[in-house]
Each structure stands twice: as C-alpha cells, then as structure tokens.
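Here's the structure we're looking at; comments come further down.
The values are calculated or read from the model by the stated rules, or taken from the named source; none is laboratory data. Predicted model only: the values in this text are computed from it and were never measured. Here Cβ is always computed from backbone atoms with ideal geometry, including for glycine, and neighbour counts include all displayed protein chains. Ligands, DNA and RNA are excluded from the accessible area calculation, which covers all protein heavy atoms including side chains. Shrake-Rupley method; radii C 1.70, N 1.55, O 1.52, S 1.80 Å.
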Amino acid sequence: MTEGLPMAVPAPGLPARVRIHEVGARDGLQNEAETVPTAVKAEFIHRLAAAGLSTVEATSFVHPTWVPQLADAGELFPLVRELPVELPVLVPNERGLDRALALGARRIAVFASATESFARANLNRTVDESLAMFAPVVARARAEGAPVRGYLSMCFGDPWEGPVPREQVVRVCRELIGLGCTELSLGDTIGVATPGQVRALLTALNDAGVATGALAVHFHDTYGQALANTLAALEHGVTTVDASAGGLGGCPFAKSATGNLATEDLVWMLHGLGIETGVDLARLVATSTWLAAHLGRPSPSRTVRALTGTAADPSQEETPS
Ligand code: MG
C-alpha cells in the first residue's frame, strides 16, 4: 500500500467513475457556527478545484437574514466564477435566481422537502406551496440554459414525523422532474437511513419512471451509515454522490459533530474500490486541514484525522510543553 492511499481492489457491479458533488462551501459552511471571511471562502473553492473536484457548489443566494453565513454570495461568486469547474449555486426564489444569473451562474439548485414539517420549518410553506414557488425558478433557469438540481431533504426520516413513506418521496421527486429539474439529490438530512432503505427508495423511484441517471445521493453520517448507504446506491447504479470536504457542516438536527459525509472518507472508499474520481486525496486533506484552522475546530472526517494524526476532540490533542 502506498502511504496515504488505500489499496485498490475493484468489486463487481460498481461504476468505473463517480462524480463527487462537493457541497462544503455551501451546505457545509451554512451549517457552521463560525462565519468565514469571503476571501477564505474563495480560496477554499479554488483549493477544492485544484484538488480535482469537478463540481463545487459555491454558495446560496438566499436572503442574508435567513443564512447569515452565506450573506456574501454576491461578493464571493465573482471571485470563483472563472474556475474551470462546475459551480452550482442554490437559489430560493426568482429574486435569488436573478442575482445568480446576473453574476454569471450557469448551474442552479433549489431546495425542497419531502415532508410537510420540514417544508414548514425551513421554507415556511407547505410542500405544494414550495413547489409552486420553484416552478418559475426552474422554468426560467432552464430557459437560460442552466441545468437545475433539485435537493430533496428528509427522504428517509424526519425529526418531527419519523420514518418518511416512500410514496411521499416519490411523489415530490416526480413533481420536481415535472418542473424541469435535471437532477435530484436525495437527502438523508438526519442521517438515519440504512442500506436496505436506500435500495428500496431507488427501486421505487425507478418503478415510478425516474431514471437512476437523474439521481444523486446526499448522505449524512450522524449514525455512521453514510458510506454503507453510498455503496448501496453505487450498486444500484448511482454515479453522483454529494459530500462535504472535511465533513464540514456538523449536524443541524443532532448534537453530534458528524453531519455531511466527508469527501475524504468517500474518496478513500471509492479509490479503494478502484473507482475514478479525479480527486487528489492529499491535496483535499490539506485543504480541509487549512480550513479547519480558520474554523477553530478539527475536521470530524475519519480519513482527515487518520492521515494527519489529529484527534477528534481538541482536548485530546497534545499541546506542546
Ligand atoms: Mg447536507
């Protein structure tokens, strides 16, 4: 084994290549307590691109009072838009879309919920009201030639409603495809899913006419299931996987350090399976370590910790005497 890299042993029935949709700069930073200066965010995105990530979600054009951590979207995007990678941005409504398009955004994402409770909590709307709000956003983005990713949160479990019925998830997925979304990201927002549940949902979506090629998965590691769930999705044929550099983002619904699947942990598994990602793991780890210093807390990623010899809990770290 080369130091710092897994031994590559391919397994049957898996894709040759996976596209990682890096969400650290948006989903990660929006859920961190510390607000990072715009220049640091820009350097972070440049470093992620230099580490080989081909899709780097850059920011969110939401109203600053909703997400103060990303209030600088208008200043940040011009600092990264020339990078030779895909730079999707999240927009909540037509006003956000106008701002994003005016600054040169060429890929758009909207954020929907599979459950009424989360739609109410996050969007202050019913599921159907939020879909009605997205309809003109998706239509106009597509008319401008921009692909639109639809995030769907709470696809497996909901903190208020418990397990989420598959039919409910399938219904909202079909609505989002009907609006014109070109890709759906199935979110396990509270990290409770297990691999059988993942297979069952993917199969139900296929049965309802949603092709696997239009699906991405977005797992959280709250219960340690993110990589097992990812492997189940790969075996089903999914080739787009969301992850957050260094595991940025914590968990908004549990008092745990682990939320988003860490990109480094994902890359370790994929490269170990002989699956191409284009990512240089050492450069990615260096990027996450650099950003962790700005945030003042170590990365929760197991792979970052293993490759850098850092402890999960700062109180366990050796201090020079
Ligand atoms: Mg997430």
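Annotations for the structure displayed:
- Condition check for residue 78: within 30 Å of residue 285 (Cβ to Cβ), out of contact with any strand residue (DSSP E or B) (no Cβ under 9 Å at 6 or more places or on another chain) and open to solvent by 70 Å² or more (accessible area, probe 1.4 Å): no
- One residue alone among 171, 140 is among the basic types (Lys, Arg) and surrounded by fewer than 17 Cβ atoms within 10 Å (Cβ to Cβ), and that residue is 171.
- Tally of residues being without any contact (Cβ under 8 Å) to a residue 40 or more places away in the chain and either open to solvent by less than 10 Å² (accessible area, probe 1.4 Å) or within 14 Å of the chain's Cα centre (by Cα) (or both) across segment 227-237: 3
- Enumeration of residues in segment 45-64 that are surrounded by fewer than 24 Cβ atoms within 10 Å (Cβ to Cβ) and part of a helix (DSSP H, G or I): 46, 47, 49, 50
- Some residue of segment 236-245 being at pLDDT below 95 and farther than 24 Å from residue 194 by Cβ: no
- Test: residue in segment 23-37 that is touching a Pro at 6+ places or on another chain (Cβ under 8 Å) and within 16 Å of the ligand (Cβ to nearest atom): yes
- The set of residues from segment 106-127 being in contact (Cβ under 8 Å) with a residue 24 or more places away in the chain, in a loop (DSSP other than H, G, I, E, B) and not small (Gly, Ala, Ser) comprises 106, 107, 115.
- Close pairs from segment 11-40: first over 16 Å from residue 217 (Cα atoms), partner within 11 Å of the ligand (Cβ to nearest atom) and among the charged types (D, E, K, R), Cβ under 9 Å, at least 6 apart: 25/57; 26/57
- Only listed residue being of a type in the set (Val, Ile, Thr), within 15 Å of the ligand (Cβ to nearest atom) and surrounded by 18 or more Cβ atoms within 10 Å (Cβ to Cβ), chosen from 18, 67: 67
- If the condition is being modelled with pLDDT of 95 or more, open to solvent by 10 Å² or more (accessible area, probe 1.4 Å) and within 16 Å of the ligand (Cβ to nearest atom), then segment 190-219 contributes 192, 218.
- When we screen 85, 91, 40 for residues that are crowded, with 24+ Cβ neighbours inside 10 Å, at pLDDT 95 or above and of a type outside the set (D, E, K, R), the only hit is 91.
- Where a residue in segment 50-64 is at negative phi and its partner, wherever it lies, is open to solvent by 20 Å² or more (accessible area, probe 1.4 Å) and part of a strand (DSSP E or B), with Cβ under 6 Å and at least six apart: 55/86
- Verdict on residue 35 being open to solvent by 20 Å² or more (accessible area, probe 1.4 Å), among the β-branched types (Val, Ile, Thr), modelled with pLDDT under 95 and in contact with a helix residue (DSSP H, G or I) (Cβ under 7 Å, 6 or more places away or on another chain): yes
- Long-range neighbours under 9 Å by Cβ, at least six apart or interchain, first residue touching a residue at least 60 places away in the same chain (Cβ under 8 Å) within segment 87-105, second open to solvent by 30 Å² or more (accessible area, probe 1.4 Å): 88/106; 88/107; 88/147; 89/103; 89/107; 90/30; 90/111
- Positions within segment 270-288 being assigned to a helix (DSSP H, G or I) and either more than 19 Å from the chain's Cα centre (by Cα) or surrounded by fewer than 19 Cβ atoms within 10 Å (Cβ to Cβ) (or both), in sequence order: 271, 272, 282, 283, 286
- Counting only residues that are part of a loop (DSSP other than H, G, I, E, B) and farther than 21 Å from residue 133 by Cβ, segment 145-163 holds 5 of them.
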